[in-house]
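The values are calculated or read from the model by the stated rules, or taken from the named source; none is laboratory data. Quick caveat, the model's predicted, so the values are computed rather than measured. Cβ placement follows ideal geometry from the backbone for every residue including glycine, while neighbour counts extend to all protein chains displayed. Surface accessibility is based on the protein's heavy atoms, side chains included, excluding ligands, DNA and RNA. Shrake-Rupley method; radii C 1.70, N 1.55, O 1.52, S 1.80 Å.
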Amino acid sequence: MKLLLASLSFIYITSFAQTAAPKLPVDESTKLITYTKVVELNGAGKDSLYNKALKWCNSYFKNPGEVIREKDQEAGKIICKPRFKVMNPENKEGVATDGGIVQYTLTLQFKDGRYKYVMTEFNWKQASNYPVEKWMDVANDYYKPEYSYYLKQVDDKVSEIVSSLQQGMNSKGEIKKDDW
């Protein structure tokens, strides 16, 4: 019986090790996971792009007042500090437990005809900041197989955010005027 349990535990643990972590973009100078892109939107003014992004932030984030840390329309910049939950892989009973909270910095910048987003400073919220980049270090003594699962969730969440942002920025954004 002990041999069976040990074998099942080994299979369960090695299944995590076989889950390859996604290759996340790492900035050469800062060595931080960094997603960034400049998106061209011909004919769109800086202020128009800023307003669309602010509208997107207010609709996308559940608590935009807490998430939006800096708004500077003149400089064409919005800085957000959002967070999201990561889950542990499902256990034998098929239940995924809470893996913690990841906070990151989203910086949006605007110029006439284009905007830029930068997502970086991903930190696992612990008693002190725990850079997510540590999850990529499989040689570390503290490495856990579920870290690759967490990295996949980070990558998936960033893809979801970018898709939503691009959809919000590409919208016509017409504001209805009340005529009363």
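Some values worked out for this structure:
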quantity	calculated
Among 159, 59, 128: highest mean-square fluctuation, GNM of the chain, C-alpha pairs under 10 Å	128
Compactness of the range 22-93 as Cα Rg over 2.2 N^0.38 Å, two decimals	1.49
Segment residue 83-residue 143, extension gain: residue separation times 0.36 nm, minus the distance between their alpha carbons	19.4 nm
Test item: Cα-centred dipole of the range 23-180, Lys/Arg +1 and Asp/Glu -1 on Cβ, debye	260 debye
Entries in 46/134; 23/172; 92/157; 46/152 that, when Cα-Cα distance is taken, lie over 32 Å	46/134; 23/172; 46/152
Kirkwood Rh, Cα atoms: Rg over Rh of the range 60-180	1.07
Estimated FRET transfer efficiency when R0 is 30 angstrom, pair residue 128-residue 71 (beta carbons, to 0.05)	0.60
Relative contact order for the chain, counting Cα pairs under 8 Å that sit 6 or more residues apart, in percent	25 percent
Helical segments meeting 20 Å axial Cα length and Kyte-Doolittle 1.0 threshold in the chain (DSSP H)	2-18
Packing-based ranking, highest mean first, of 32-41, 47-56, 90-99 given that Cβ atoms within 10 Å are counted	47-56, 32-41, 90-99
Interchain or long-range residues, amide H under 5 Å from residue 87's placed H	99
Ranking by accessible area, most exposed first, for 114, 69 with a 1.4 Å probe	69, 114
